[in-house]
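Structure, as structure tokens:
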Amino acid sequence: MDYYDDLHFIGAREMPDCITLIDRDFGPTIALNLLWRGRIHFAVDGASPAELTGPTAYWTWGGRRFRYGNVPGHGWHQLWVLAGGARAQRMVDGGLVPVGPRPWGTPEDPEGFLAGFRRLITLVAQGRKDEQPERVQLLERLFREAAGRVARADDSPQRRIALLAERIAAEPTRGYDFALAARRMGMSYHHFRRRFADQAGRAPQAYLLDCRMRWAAGRLTAGAESVKSVAFEVGFTDPRAFARQFRNRTGVAPHTLLATRGTLSSPETYVR
């Protein structure tokens with residue numbers, strides 16, 4: 001099994017004029033929905049329904065009963081994606097899919113969120129194996145964007161650092177400006193670095209490097225890319241420098257891991 005194969009996409013679709021009522025427990029799955037236009041009533045476990053107005057993202061997970069549908073006489077423009085598997089449960093357990101009485105939020109960039117969602121629907125429809133990493137990473141990104149507004153009630157530095165650490169773990173190949181992050185949190189870089197290390201167990205740059213090495217281990221385990229291309233994706237222009245860092249943190253040379261196709265262990269066990 002490849003690193004990203006523990007998330008199974010069941011379906012995804014855009015419905016410009018949806019008129020229906022959903023009332024069910026979705027079982028061991030997660031679903032992300034985008035109410036782009038229109039209004040719906042939405043309730044969890046028989047609670048009084050809330051009225052949501054587009055653009056609003058909302059989501060479901062297993063073990064709860066969700067009831068939602070159009071306001072009588074009005075349809076709504078709906079996009080949805082449904083997925084299951086071990087990674088889906090980890091997304092719930094790790095807080096990437098927030099569980100609670102108000103599982104909805106408004107994306108900060110609705111147009112960008114819509115474009116990303118449509119891209120995900122296309123990728124799910126195509127079903128190409130080589131596009132599975134992009135599908136998984138895109139779904140995780142959309143969940144973060146959708147749920148980010150839910151967390152605004154707790155905008156403490158502790159919460160913001162925790163969210164940054166979660167984002168790094170989920171998207172380690174992106175560029176991160178930790179000095180800018182510190183300024184946005186209203187603290188000096190020295191103070192930010194110390195608080196980040198207290199919460200995450202590592203200073204920001206070391207934490208990012210660990211996450212990148214773990215991501216690299218996953219790609220090498222899959223055997224779909226060369227060491228050079230994986231090194232480039234995690235920010236190394238020199239494959240030899242990447243190989244040294246990788247071995248220092250995993251105890252395994254990247255070429256060895258690539259040759260074994262991950263039979264030595266699972267990707268999560270490599271980074272110490």
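Only one of the numbered conditions (1) closer than 16 Å to Asn33 by Cα; (2) touching a residue at least 60 places away in the same chain (Cβ under 8 Å) is not met by Asp109, and that is (2).
One line per residue, one yes/no per condition, for (1) over 28 Å from Glu131 (Cβ atoms); (2) touching a helix residue (DSSP H, G or I) at 6+ places or on another chain (Cβ under 8 Å):
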| residue | (1), (2) |
| --- | --- |
| Asp5 | no, yes |
| Ile19 | yes, no |
| Phe26 | no, no |
| Leu96 | no, yes |
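Scanning region 91-116 for residues that are part of a helix (DSSP H, G or I) and surrounded by 15 or more Cβ atoms within 10 Å (Cβ to Cβ), we see that the one that is nearest to the chain's Cα centre (by Cα) is Met91.
Residues are listed down the side, and each one gets a yes or a no for (1) surrounded by 19 or more Cβ atoms within 10 Å (Cβ to Cβ); (2) part of a helix (DSSP H, G or I); (3) among the aliphatic types (A, V, I, L, M):
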residue	(1), (2), (3)
Glu166	no, yes, no
Ala179	no, yes, yes
Arg183	no, yes, no
His190	no, yes, no
Phe196	yes, yes, no
Arg202	no, no, no
Ala206	no, yes, yes
Met213	yes, yes, yes
Arg219	yes, yes, no
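Looking at (1) touching a residue at least 60 places away in the same chain (Cβ under 8 Å); (2) part of a helix (DSSP H, G or I), which is the one condition that is false for Gly235? Single failed check for Gly235: (2). Scanning region 50-65 for residues that are out of contact with any helix residue (DSSP H, G or I) (no Cβ under 6 Å at 6 or more places or on another chain), modelled with pLDDT under 95 and either outside any loop (DSSP other than H, G, I, E, B) or farther than 18 Å from Thr106 by Cβ (or both) gives Ala50, Glu51, Leu52, Thr53, Thr56, Gly62, Gly63, Arg64, Arg65. Candidates in region 243-263 are the residues that are part of a helix (DSSP H, G or I) and under 25 Å from the mean Cα position of the chain (by Cα); of these, the one that is farthest from Leu208 (Cα to Cα) is Thr250. Can you confirm whether region 207-225 contains a residue that is over 30 Å from Pro239 (Cβ atoms) and modelled with pLDDT of 85 or more? No, there is no match, as no residue in region 207-225 is over 30 Å from Pro239 (Cβ atoms) and modelled with pLDDT of 85 or more.
Quick one: would you say Arg13 is more than 30 Å from Arg214 (Cβ to Cβ) and modelled with pLDDT under 95? Answer is no for this residue. Within region 66-90, being of a type in the set (Val, Ile, Thr) and either outside the structural domain of Asp25 (by TED's automatic domain parsing) or outside any loop (DSSP other than H, G, I, E, B) (or both) holds for one residue alone: Val81. Can you confirm whether Arg119 is modelled with pLDDT under 95, under 30 Å from Leu220 (Cβ atoms), not assigned by TED's automatic domain parsing to the domain that holds Glu171 and not in a strand (DSSP E or B)? Taking the combined requirement at face value, the residue does not satisfy it.
Remark: Ile30 matches the filter, which requires a residue to be surrounded by 17 or more Cβ atoms within 10 Å (Cβ to Cβ), part of a strand (DSSP E or B), in contact (Cβ under 8 Å) with a residue 12 or more places away in the chain and touching a Gly at 6+ places or on another chain (Cβ under 8 Å).
The values are calculated or read from the model by the stated rules, or taken from the named source; none is laboratory data. Predicted, not measured: the structure shown is a model, and the values here were computed from it. We place every Cβ from the backbone using ideal geometry, glycine too, and count neighbours over all the protein chains shown.
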